[in-house]
Every structure is written in structure tokens, then in C-alpha cells.
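The structure appears below as C-alpha cells.
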Amino acid sequence: MSEKPCSPGGAGWCQLLAEAPAEAVPALEALLEAAGALSVTVQDAGDQPLLEPPPGATPLWHRVRLAALFPAGSPLADLAQRLETAGARAVRTEPLGERDWVRAWLDDFRPMSFGRRLWVVPSGHQPPDPGAVNLRLDPGLAFGTGTHPTTAMCLRWLDAGLPAGATVLDYGCGSGILAVAAARLGAARVTAVDIDPQALAATRANAAANGVGDRVRVLAPEALAPEPVEVVLANILAGPLVELAPVLAAHLAPGGHLVLSGLLAAQAPAVAAAYAPWLALAEWAREAEWVCLAGRRARQGDIDRMAPAPPS
Ligand SMILES: C[S@@+](CC[C@H](N)C(=O)[O-])C[C@H]1O[C@@H](n2cnc3c(N)ncnc32)[C@H](O)[C@@H]1O
């Protein structure tokens, strides 16, 4: 990777630039966002106009230029290698000056609605529907604004499917958007975990800002007690979701709901197979190339009813 120094630990921001074929974009966006990119933009790398896409199509140019914004000092050398393996070319970084890039990006972040009751309203905006469940959100340096389809599908599941008074685990909480939404939509108690300390800080701040700090516990994964809950949400990538199957299943109470997001449609069978020893997962929603899987763990009574009758 050719690189002007994005000074380690220095002030300011670092922009990562790359070129890629359009079909590699979903995987590259996922890698960039999982690595903590604050924003990812996709532009034409050639000069190909996109004219009148058919209804429902998400058009992309054949070759695109990606630009991702990171805090200065982010460890980008390994990431560049992973991007190249996933199809990116001409990966390079350049430092950006001291302009408040996070705020500049938030200027483009507008209130959005999810399902019937839920709105996500960025700091500094007025809620368009004051009677709705309005989530005030500032993602800080963590992933999770609701603009990404993987988050949006989980928010819609919460709006439609969260049982009143449920206990919830948000595994890979990022900004805390799902944990806070669950609490605001009526969960009795929510536990949010993440391996990234910046995500834990953002989740605590967002829970407090939404008046649910007393119902949202924020922990590193290793501090999580072996306590089954009624809803487990995990919006991570397919690889970690497969690896985490025994962990997430162990936290799912009999009769509980599991909701998995962050996987591409082609990865859904492998992820569902990893969870098959505990429960059947089915596609709950699909947006662009992304799918959200959901399923319910059997209760003991359900298992007894499914068991063959003993011989008389
Ligand atoms: C795609 S973001 C999702 C954030 C938020 N839940 C949402 O839906 O927008 C995935 C988050 O999972 C975290 N993560 C990745 N691998 C993890 C693991 N093995 N255990 C816990 N958290 C993990 C990342 O740090 C990141 O904050």
C-alpha cells in the first residue's frame, strides 16, 4: 500500500482510498465498517453514467472508487491487505486536516423511520413525529447509525417482533443503536457487549442520552454472565457469527428469539447451518445483498411434543 503517513496516535483523520469492481463493494464496505470506518462513500472510477435504473435496483458503476474515513492512527496496514484479498486495488491512505470530519458527516445524517413506531433522530435534529419512539443517536467513533441495511433490518425486527418486557442481549453493540432501541421499545433489561472499547463508550453515552442507562448494561464480552435471555441480536459479519454460534446459543433461553445480521445472501446457508444444532434460522428480511436471519429456540414442551410417543 502506498501511504503518506497517517500519523499513529496523531491528531486529525485519515482517508483510505481504493478502487474496485462493483461486485466487490458489499464485502469491502463490510470490512471497512467492521474496521471502524466512520463513513464509506462510493463513486464512479471511470466515466460511466447510470441512467434510469429499473425499480428496486441498486445501481453501481462497473469500477468504483471507495473513500473511507478513519480516525488518525487507526491500524490500516492489515486492513489494506484484507481489502486487496477481497478485490480492492490501488489501496492508499492520506491524512486529512483538522476539520471536524465526524460532524461534517453527521450533517448528512437525517432522521429515519424503522417499522411503525421507531425513528432514529441524530443529535441536532428535531423528531419529525414527536409521538413516535424517537431514539436520539450520536454514533461517536462506533458503527451503527441505522443507515446501513444490516442495522436497519434489526431495527425493523425490534419494532415488529420484540416481546414486551423481554430481556435482550445485543452482541457487537457498536454505537448501541440496537440495545437502546430495544430498551426504548419496552425491553425490561438489555445487555450490550462489544470487543471495541469505543463502542462500549458510545453505547453508554447513547443509553444515558435516551434515558435508559439504568436498563442497558454495557460490558466487554468476557464479562458477560452465562444468563439466558429472551432475545439475542448480533449484527456482525458472517465469519464471526459462525464462530460465535455456541456462545450466542448458550445465551438464548428456551422459546427465545435469535436475530442475526451482517451477512450476505450467499453466506446465509453456512450461518444457518452453524446454528442448526440449537434452532432453525430462516431469512426474515433482505435488503440489497444483505439478509437478516431469525429463528426461535424450542421450549421444553415443544421438544416433548415433537418427540415420538414412547412404545406402549
Ligand atoms: C457491524 S457493527 C454493528 C453495530 C450495531 N450493533 C449495529 O447493528 O449497527 C459490528 C460490531 O461488532 C463488534 N464485534 C466484532 N466482532 C465481535 C466479537 N467477536 N465479539 C463482540 N463484538 C464484536 C464490532 O466491534 C462492531 O462494533
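The values are calculated or read from the model by the stated rules, or taken from the named source; none is laboratory data. Because the structure is predicted, anything quoted here is derived from the model rather than measured. Cβ sites come from the backbone with ideal geometry, for glycine too, and all protein chains shown count toward neighbours.
At a glance:
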read-out: First in the range 238-255 and farther than 27 Å from E289 by Cβ, second anywhere and within 10 Å of the ligand (Cβ to nearest atom), Cβ under 9 Å, 6 or more apart; value: H251/Y171; H251/L224
read-out: All positions within the range 174-191 that are in contact with a Gly (Cβ under 8 Å, 6 or more places away or on another chain) and over 16 Å from L258 (Cβ atoms); value: G174, S175, G176, I177, G186, A188
read-out: Residue count for the range 147-169, restricted to those that are buried (at least 23 other Cβ atoms within 10 Å of the Cβ) and farther than 23 Å from E289 by Cα; value: 2
read-out: Residue check for P53: surrounded by fewer than 15 Cβ atoms within 10 Å (Cβ to Cβ), modelled with pLDDT under 80, over 23 Å from the mean Cα position of the chain (by Cα) and not charged (D, E, K, R); value: yes
read-out: Residue match in the range 209-217 (condition: assigned by TED's automatic domain parsing to the domain that holds L158, under 14 Å from the mean Cα position of the chain (by Cα), surrounded by 20 or more Cβ atoms within 10 Å (Cβ to Cβ) and part of a loop (DSSP other than H, G, I, E, B)); value: no
read-out: Among the residues listed as L224, L185, L219, L237, the single one being in contact with a helix residue (DSSP H, G or I) (Cβ under 7 Å, 6 or more places away or on another chain) and within 26 Å of W278 (Cα to Cα); value: L237
read-out: Within the range 141-199, considering residues that are of a type in the set (S, T, Y) and modelled with pLDDT under 95, the one nearest to the ligand (Cβ to nearest atom); value: T151
